[in-house]
Amino acid sequence: VQPPEKPLQAEEWSRLRENFRSPEIFEDVMFNSMVRCNSPIDVAKSLLTYVAKTDGDIRYNLLVKYLALCVQQGKTAEICDVYDIMKIRFKILESGAYNLLIRGLSNSDQWRMALTLLEEVRKVMTPSRTNYESCIKAASRHQEMNLACELYHEMLAKDLVPTLDVLQAFFDFSRGMKDAELQKELFGILLYLRENQIYPHRTFMRSIKLWFERLALGENWRGHLTTIKDRGQCPVCDHQLEDSDLTEEEYNNLRERIITDVIHGSDTFRKTSPQEFEAFQTFVENRLPFDIVIDGLNVSHIKPRKMQCENLFHAVDCLAKENVRLLVLGRKHMLINSSNWNQEIMKEMQNKADFFFAENISEDDAFLLYATLRSGKHCKFVTRDFLRDHKACLSDSVTRHLFRKWQRGHQIVFSPSVEGKHINFLPAFNYDCVVQTTGDTWHIPYKDTFEERYSYRVPRKWLCLQQK
């Protein structure tokens with residue numbers, strides 16, 4: 001449906017409705033179209049007037065659609081009007097309406113009303129990340145940084161993960177402000193990036209750089225964007241980044257915790273049976289140690305247009321050339337001849353690596369972790385999976401940090417080459433690819449391009465900040 005370009009009279013709306021294939025949903029479809037086409041507010045108002053005259057009432061969902069159009073166009077007076085109507089007519093609003101109201105008001109000179117609405121939301125439900133972030137950005141824009149920080153900490157306490165855009169807002173709107181406590185808060189945000197292995201994008205990185213270079217507390221900082229190579233030495237300041245290796249004690253503690261909390265934790269046996277996992281443990285113990293453990297199913301999907309067993313064969317063949325002991329975790333369906341699983345290729349692969357075939361319904365992350373950790377500190381693993389669910393099973397932040405550090409130093413990631421003819425393996429990192437500081441230096445990894453931002457690959461681009 002193409003919405004009209006100017007307001008219509010009730011008779012004109014009535015004719016349009018009669019000619020519409022499904023008159024009972026005419027208003028919903030028309031409002032959706034108005035939002036999509038960003039129609040003038042007067043046109044939307046004329047439809048609401050028609051509905052009110054025809055039905056004697058305006059349904060909740062139509063008011064929400066009209067509200068979405070008002071928010072889209074930043075019409076503050078209309079947003080306030082809709083809120084007044086909704087407040088009188090409905091005892092409770094659902095989260096979608098609150099999201100729109102808070103977002104619309106926080107971008108206006110009535111931004112403090114958004115804080116009142118946030119308080120209202122708190123009484124009936126947990127505010128959403130969007131609710132908090134709209135209010136944080138509004139407070140930041142108006143230099144109410146203490147309020148912004150308070151809302152940020154409240155958000156974290158509710159386990160809501162902030163977006164990079166709201167973290168960037170702190171640096172954008174704090175530039176040049178003389179406040180030691182605020183500086184401490186922003187250093188805290190950088191440490192939050194470290195603890196959660198978060199990589200800013202390039203625009204966020206430039207905001208951090210400008211904030212450091214315009215610190216108003218007598219500190220003189222200079223930032224440089226650079227690339228850090230495999231050795232982990234910064235070419236700007238010659239600083240050696242933290243090693244990704246764990247100490248023997250850290251490794252043993254991590255191994256015990258993963259086996260206890262993740263592998264034998266509550267959810268592992270929903271994805272496999274105790275009998276199957278016991279058989280796998282016996283299989284591994286009789287063949288230890290391995291040098292590389294491969295998630296076979298994950299690797300087999302690397303190039304969708306190729307036969308899955310060919311993808312896996314290329315990976316196994318490439319890694320076997322290094323004269324290492326390989327364990328491939330497969331599924332039983334791989335042993336049945338099919339368009340994706342040629343049994344001659346499978347037999348050839350089994351001459352190059354040990355294979356364990358799990359049931360088709362089993363998830364093999366627990367198998368991957370167990371075999372890698374049991375093989376010792378040298379053992380690496382190959383998968384594109386982030387293993388986030390398993391990291392989340394670890395009960396304290398120290399162990400989660402050790403897990404991420406171990407993962408960065410042991411995970412070999414891979415991708416097809418640009419022309420798609422072969423697989424590129426990116427080796428595990430020798431240095432820890434997280435935000436690092438010595439007090440008078442900061443090293444912050446970032447993702448440079450739009451593609452990198454949404455890639456699983458760890459970035460090689462860094463911002464080096466030095467205090468002069």
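The values are calculated or read from the model by the stated rules, or taken from the named source; none is laboratory data. Model, not experiment: these values are computed from the prediction. Glycine gets a Cβ as well: all are built from the backbone with ideal geometry, and neighbour counts include every protein chain shown. Surface accessibility is based on the protein's heavy atoms, side chains included, excluding ligands, DNA and RNA. Shrake-Rupley method; radii C 1.70, N 1.55, O 1.52, S 1.80 Å.
Within straight cross-link reach of LYS53, meaning Cα distance under 30 Å, which lysines are found once same-chain residues fewer than 8 apart are removed? Reachable lysines: LYS6, LYS45, LYS65, LYS75, LYS87, LYS91. Once backbone amide H atoms are built at 1.01 Å from N, LYS461 has TYR446 as its partners under 5 Å, excluding neighbours fewer than 5 places away on the same chain. Under the classification rounded if a/c is under 1.5, otherwise prolate if a/b is larger than b/c and oblate if not, where does region 270-360 fall, given a ≥ b ≥ c as square roots of the Cα gyration tensor eigenvalues? It is oblate, given that a/c is not under 1.5 and a/b is not larger than b/c. A simple spin-label model places the labels of GLU249 and LEU217 3.3 nm from each other, with each point 7 Å out along Cα-to-Cβ. Database remark: amide H of SER244 closer than 5 angstrom to the amide H of TYR431, ASP432 (H placed geometrically; neighbours at sequence offset of 5 or more, or on other chains; Pro and chain starts carry no H). Each residue of region 348-355 was assigned a 3J(HN,Hα) from its phi angle through the Karplus curve 6.51 cos²θ - 1.76 cosθ + 1.60 (θ = phi - 60°); the sequence is 5, 5, 5, 7, 9, 8, 7, 10 Hz, with glycine and proline shown as x. In region 148-288, the ratio of gyration radius to Kirkwood radius, Rg to Rh, stands at 1.13 when only Cα atoms are counted.
Solvent exposure of the chain amounts to 49 Å² per residue of accessible area, where only protein heavy atoms count and the probe is 1.4 Å. Computed over region 248-423, the P(r) curve from all C-alpha pair distances, binned at 5 Å from the origin, holds 1, 8, 18, 21, 21, 16, 10, 5, 1, 0 percent per bin.
The 3J(HN,Hα) values that the Karplus relation (6.51, -1.76, 1.60; θ = phi - 60°) gives for region 290-299 are, in residue order, 9, 9, 9, 10, 10, 7, x, 5, 4, 5 Hz. Gly and Pro appear as x. Amide H contacts for PHE357 (H built 1.01 Å from N in the peptide plane; partners 5 or more residues away or on another chain; cut-off under 5 Å): GLY330. Measuring against 22 Å, Cα to Cα, the residue pairs LYS137/LYS158; LYS229/LYS321; LYS137/LYS405 contain LYS229/LYS321; LYS137/LYS405 as the ones spanning a longer distance.
With Rh defined as the Kirkwood radius, the inverse of the mean 1/r over Cα pairs, the Rg/Rh of the chain is 1.07. The alpha-carbon atoms of region 62-121 define a convex hull whose volume equals 68 cubic angstrom per residue.
Apolar share of the accessible surface for region 186-286: 46 percent from carbon plus sulfur atoms, 1.4 Å probe.
What you get for region 248-423, charging only the Cβ of Lys and Arg (+1) and of Asp and Glu (-1), is a dipole of about 500 debye around the Cα centre. Based on every Cα atom in region 223-324, Rg and the maximum pairwise Cα distance Dmax equal 19.6, 56 Å.
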